[in-house]
Amino acid sequence: MTTPDTRIDALARRLDDAQTRCTDTPSLADDHTIDIDDAYKIQGALLERRIGRGESVVGIKLGFTSKAKMAQMGVSEVIVGQLTDAMCVDDGGDVDLSSFIHPKIEPEVAYRLSKDVDLDDPSVDIESCVDAVASAMEIIDSRYRDFRFTYTDVVADNTSAAGYVIGPWQSLQDVSDRVVRMKVGSEEVVGSTSAILGDPALALHALLDIARRRKIPLRAGQVILAGAATAALRLDEGVAECAIEGLGTVSVNGVAR
Ligand code: OOG
Ligand code: MG
């Protein structure tokens with residue numbers, strides 16, 4: 001008989017193999033019934049595998065905090081994934097496109113945690129645990145064929161997390177209602193930070209709520225991506241650049257090796 005943990009580990013392995021071999025896999029929901037608790041357990045098991053290869057968790061990301069993303073992907077619940085050091089790309093640095101299946105890129109607001117967040121303290125003020133904000137971009141690379149997934153699938157797949165780049169950190173400020181522009185080759189998307197739950201600071205509160213329920217530690221020094229303000233664009237060879245009004249620009253250079 002397959003015990004629940006063997007099942008979780010087997011599904012984590014399927015997603016991990018898809019990532020390390022750069023081959024897609026069908027939606028887990030096609031042949032498994034997984035609930036949201038299972039999905040976060042699979043995500044945890046996936047992270048354990050990455051940690052076993054020497055990676056460390058350096059940040060947390062939110063997904064589906066904007067209507068543009070919900071509409072693009074057909075999922076309407078806020079989700080959380082984890083960022084490892086292996087996913088970090090230097091601002092202006094090269095990104096090897098051959099290490100992904102079908103990468104897309106999206107504009108993000110990043111926050112930096114300056115203190116550990118005590119998830120057991122009911123009155124903890126998460127905004128006071130953050131000391132800087134920056135323009136950022138996230139590279140998403142769903143391990144699922146054609147980016148076709150359900151809510152539980154995408155959580156299990158660590159919310160498509162594959163890479164991220166952070167621009168120069170700026171002092172903490174109100175970043176609601178700032179123009180967001182991202183250019184990737186000849187494509188451009190324009191939006192506003194207010195697309196992120198009305199104000200990206202509210203993504204911090206949404207994160208606190210999920211981190212408490214899912215027991216995801218929030219530690220000093222970690223980066224938090226608040227979720228894309230616009231739909232994602234395909235990441236191709238050449239420069240992808242994002243500018244957020246008042247926060248400056250950030251870029252990466254897609255390279256086919
Ligand atoms: C899931 C990740 C969503 C965001 O910023 O909304 C996300 C996906 O679109 O594949 O990162
Ligand atoms: Mg994102």
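Here are 223, 165: which of them is β-branched (Val, Ile, Thr), open to solvent by 10 Å² or more (accessible area, probe 1.4 Å), within 16 Å of ligand 2 (Cβ to nearest atom) and at pLDDT 95 or above?
Only one candidate passes the filter, namely 223.
Name every residue in the range 212-257 that is touching a helix residue (DSSP H, G or I) at 6+ places or on another chain (Cβ under 7 Å) and among the hydroxyl-bearing types (Ser, Thr, Tyr), in order of residue number.
230
Which one of 132, 110 is within 16 Å of the chain's Cα centre (by Cα) and not charged (D, E, K, R)?
Result of the check over 132, 110: 110.
I need a count of the residues in the range 202-227 that are within 20 Å of residue 242 (Cα to Cα) and out of contact with any Ser or Thr (no Cβ under 7 Å at 6 or more places or on another chain).
3
From (1) farther than 17 Å from residue 138 by Cβ; (2) within 16 Å of ligand 2 (Cβ to nearest atom); (3) under 15 Å from the mean Cα position of the chain (by Cα); (4) not hydroxyl-bearing (Ser, Thr, Tyr), pick out the condition that doesn't hold for residue 44.
Condition not satisfied by residue 44: (2).
Please enumerate the residues belonging to the range 126-154 that are polar (S, T, N, Q), away from ligand 2 (no atom under 16 Å from the Cβ) and over 22 Å from residue 39 (Cβ atoms).
128
For the range 20-39, which positions are surrounded by fewer than 22 Cβ atoms within 10 Å (Cβ to Cβ), touching a residue at least 60 places away in the same chain (Cβ under 8 Å) and of a type outside the set (Gly, Ala, Ser)?
Hits for the range 20-39 are 22, 23, 24, 25, 26, 34, 35, 36, 38.
Which residue out of 78, 58 is touching a helix residue (DSSP H, G or I) at 6+ places or on another chain (Cβ under 8 Å), away from ligand 1 (no atom under 11 Å from the Cβ), open to solvent by 30 Å² or more (accessible area, probe 1.4 Å) and touching a residue at least 40 places away in the same chain (Cβ under 8 Å)?
Exactly one residue qualifies, and that residue is 58.
Hey, can you tell me all the residues within the range 68-100 that are within 14 Å of ligand 2 (Cβ to nearest atom), modelled with pLDDT under 95 and either closer than 26 Å to residue 255 by Cβ or in a helix (DSSP H, G or I) (or both)?
Within the range 68-100, 68, 69, 70, 72, 73 meet the criteria.
For (1) basic (Lys, Arg); (2) within 30 Å of residue 41 (Cα to Cα); (3) open to solvent by less than 10 Å² (accessible area, probe 1.4 Å), each residue gets a yes or a no:
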{"site": "149", "(1), (2), (3)": "no, yes, no"}
{"site": "156", "(1), (2), (3)": "no, yes, yes"}
{"site": "175", "(1), (2), (3)": "no, no, yes"}
{"site": "186", "(1), (2), (3)": "no, no, no"}
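Looking only at the range 87-102, decide whether some residue is among the hydrophobic types (A, V, I, L, M, F, W, C), near ligand 1 (Cβ under 10 Å from one of its atoms), surrounded by fewer than 24 Cβ atoms within 10 Å (Cβ to Cβ) and closer than 30 Å to residue 17 by Cβ.
The answer is no, given that none of the residues of the range 87-102 is among the hydrophobic types (A, V, I, L, M, F, W, C), near ligand 1 (Cβ under 10 Å from one of its atoms), surrounded by fewer than 24 Cβ atoms within 10 Å (Cβ to Cβ) and closer than 30 Å to residue 17 by Cβ.
Can you name the residue in the range 146-170 that is within 11 Å of ligand 1 (Cβ to nearest atom) and in a loop (DSSP other than H, G, I, E, B) and is also farthest from residue 70 (Cα to Cα) among such residues?
Looking at the filtered set, the residue picked out is 157.
The values are calculated or read from the model by the stated rules, or taken from the named source; none is laboratory data. Source: prediction; values computed, not measured. FYI the Cβ positions are ideal-geometry reconstructions off the backbone, even for glycines, and counts take in every protein chain you see. For accessibility, only protein heavy atoms count, side chains too; no ligands or nucleic acids. Shrake-Rupley method; radii C 1.70, N 1.55, O 1.52, S 1.80 Å.
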